[in-house]
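Novice: Got a structure for you, questions after.
Read the figures in this text as sums done on the coordinates, not as results from a lab. Just so it is clear, the structure is predicted and the values come from calculations on it, not from any experiment. Virtual Cβ from ideal backbone geometry, glycine too; neighbours counted across all protein chains shown.
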Amino acid sequence: MASSLDLWIEYILRFSHLVAGISWIGSSFYFIWLDSSFLPPEKSRRNVEGEVFMVHGGFYYQVDKKKIFPGEIPKILHWFKWEATLTWITGFFLFAFLYYLKGASLLIDQQKVALSQGQAIGLSIGLVIGCWLLYDLIWNASIVKSKITSVILSLLGFVGLVYSSVQIFSGRGAFILVGVIMGSLMLLNVWVRILPGQAKMLREATAGQIPDYSVSLKSKIRSVHNTYFIFPVLFIMLSNHYPLIYNHHWNWILLIILSVSGALVRHAMVTKSANERWTLLPASVGLMALVFVTAHAPAVEKLNHTAVTALDSAQVRVIIDTRCVRCHATHNTDENFKVAGKNVILETEEQIRQHKDMMIKQVESKVMPLGNLTQMTDEERASLLDYLRKL
Ligand code: HEC
């Protein structure tokens with residue numbers, strides 16, 4: 001019962017996170033497109049700066065881009081803020097459910113820093129808060145005056161965050177944490193910097209004053225940042241399925257190249273000037289560089305050069321029994337993982353054969369045994385891999 005409840009909680013959180021995320025990103029892409037598609041109105045109308053005509057589902061739609069002045073406030077105004085909020089809430093619960101419970105074993109790597117569960121949780125939450133404070137400071141125009149300085153400081157901060165996270169946490173934990181931090185910055189941008197500015201202008205217009213539209217420009221910067229974060233965050237969320245990336249020797253460089261390439265692709269997507277699409281070139285170079293870097297995985301190569309003992313199935317049984325089975329049995333004996341991880345049970349020859357491709361991926365990238373809690377040696381790894389590859 002407890003085990004199926006676990007699966008259902010994870011499933012429901014994942015599903016809600018996905019649906020909320022699709023609505024958030026969907027509306028965000030729609031507004032990016034809208035913003036870049038406005039043309040000056042054919043017949044000039046008061047306060048209307050641009051108009052767009054669309055056809056969808058058998059009807060025609062006309063959208064005006066305008067400023068609001070006293071006496072012109074619509075009765076119903078749609079805000080688009082719950083998509084972001086729900087995405088964050090479901091995402092944070094999912095993260096906490098998977099990475100904070102069960103001794104935070106997915107977050108901690110004892111070989112890097114022997115954190116306790118409490119320390120890992122505290123440190124990761126501290127990083128979320130610290131990164132927001134720093135980012136918000138860097139983009140406070142009254143403190144850092146030049147935009148280019150803010151861009152450089154943000155990039156340096158990002159590199160520092162990625163590098164230190166992979167030194168402290170497991171590869172997978174570090175990647176997801178960077179994603180959680182970026183997602184949190186996006187949400188805080190919405191609630192702390194974008195919405196209050198818009199609400200202030202609305203209050204001014206309601207009180208019969210001309211709203212201070214310089215506030216709108218400040219909000220716009222944060223909203224633009226959010227669009228740059230989208231691709232890197234999406235990539236990070238998916239990276240979870242690729243142990244060879246998050247556990248690669250150069251994982252922090254891979255994460256930086258992927259994030260910067262994602263942001264450059266976003267730039268090409270949004271820019272109105274065809275000349276600025278040059279950003280696709282470094283993005284493609286970055287992505288090609290990744291193919292080369294990942295083709296050469298030092299950890300895997302080292303294993304390939306480790307002395308291999310040809311094992312028979314009884315010897316393999318002993319390795320799997322001592323290194324894997326406490327978390328991959330019908331009735332696990334591990335104190336944290338009561339249910340076989342990803343339902344992978346490794347008790348019979350048949351099951352090993354069935355899961356061999358996944359086992360190879362997990363063992364060569366050193367993701368399994370999880371956090372090497374069962375202290376598997378390189379010789380055992382190399383010999384097990386040799387056996388599995390021949391199976
Ligand atoms: C301390 C517990 C633990 C040990 C020991 C352990 N695993 Fe796992 N394993 C897990 C957990 C937890 C998951 C599920 C991870 C997730 O949710 O993505 C998992 C997932 C897997 C998967 C599925 C991966 C996927 O993404 O679908 C494979 C294959 C696997 N383990 C193989 C092994 C092998 C082989 C060993 C021994 C060499 C081993 N594990 C040792 C906890 C463990």
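Novice: Can you give me the relative contact order of segment 301-390 as a percent, contacts being Cα pairs under 8 Å and 6 or more apart?
Specialist: Relative contact order of segment 301-390: 39 percent.
Novice: A further question on this structure: With 10 angstrom as the radius, rank Tyr60, Tyr163, Tyr387, Tyr135 by how many other C-beta atoms surround their C-beta, starting from the fewest.
Specialist: The fewest-first ordering by Cβ neighbours comes to Tyr60, Tyr163, Tyr387, Tyr135.
Novice: For segment 140-159 and segment 204-270, what is the separation of their Cα centres, given in Å?
Specialist: 15
Novice: Note down the nm distance, to one decimal, between modelled labels 7 Å out along Cα→Cβ at Leu202 and at His249.
Specialist: With each label point 7 Å from Cα toward Cβ, the separation is 5.5 nm.
Novice: When we measure straight from the Cα of Lys102, which aspartates and glutamates land under 12 angstrom away, once same-chain ones fewer than 8 places off are left out?
Specialist: Those aspartates and glutamates meeting the cut-off are Asp6, Asp334, Glu335.
Novice: Two decimals is fine: what is log10 I(q)/I(0) at q = 0.11, 0.16, 0.19, 0.21 Å⁻¹ for segment 61-206, from a Debye sum with one equal scatterer on every Cα and no solvent?
Specialist: Normalising to I(0) and taking log10 leaves -0.57, -0.95, -1.14, -1.27.
Novice: Shifting gears a bit: Could you work out how much longer the chain between Phe31 and Glu350 gets when fully extended? Use 0.36 nm per residue separation minus the Cα distance between them, nm to one decimal.
Specialist: Stretched out fully, the Phe31 to Glu350 stretch lengthens by 109.6 nm.
Novice: At a 10 Å Cβ-Cβ cut-off, how would you order Ile230, Ile148, Ile12, fewest neighbours first?
Specialist: Listed from fewest to most nearby Cβ atoms, that is Ile148, Ile12, Ile230.
Novice: Continuing with this model, one more query. Taking every pair of alpha-carbon atoms in segment 138-274, give the share separated by more than 21 Å as a whole percent.
Specialist: Cα-Cα pairs in segment 138-274 separated by more than 21 Å: 50 percent.
Novice: Report the rotationally averaged projected area of segment 137-197 based on its alpha-carbon convex hull, in square nanometres.
Specialist: The number I arrive at for segment 137-197 is 4.6 nm².
Novice: How big is the gap, in Å, between the Cα center of segment 335-365 and the Cα center of segment 4-44?
Specialist: 35
Novice: Sticking with this one: Over all directions, average the projected area of the Cα convex hull of segment 252-387 and note it in nm².
Specialist: Dividing the Cα hull surface by four gives the mean projection, 10.6 nm².
Novice: Then there is this: May I ask which of Lys361/Lys390; Lys200/Lys272; Lys147/Lys218; Lys66/Lys218; Lys67/Lys218; Lys43/Lys272 have a Cα-Cα span longer than 20 Å here?
Specialist: With Cα atoms farther than 20 Å apart: Lys200/Lys272; Lys43/Lys272.
Novice: Same structure, new question: Given 0.36 nm per residue, what is the gain on full extension from Ile12 to Leu134 after removing their alpha carbon distance, in nm?
Specialist: Extra length from Ile12 to Leu134 when fully extended: 40.6 nm.
Novice: Kirkwood Rh, Cα Rg: Rg to Rh for segment 1-43?
Specialist: On the Cα set of segment 1-43, Rg over Rh gives 1.46.
Novice: What ranking of His355, His331 emerges when the number of other C-beta atoms within 10 Å of each C-beta is taken as an exposure proxy, fewest first?
Specialist: In increasing order of surrounding Cβ atoms, one gets His331, His355.
Novice: Evaluated at 4 °C with a viscosity of 1.567 mPa s, what Stokes-Einstein diffusion coefficient in µm²/s does the chain have when Rh comes from the Kirkwood expression over alpha-carbon pairs?
Specialist: Translational diffusion coefficient: 54 µm²/s.
Novice: Also, quick follow-up: For an R0 of 25 angstrom, estimate the FRET efficiency from the Cβ-Cβ distance between Glu72 and Ser23 and round to the nearest 0.05.
Specialist: Step by step, r from the Cβ atoms, then E = 0.30.
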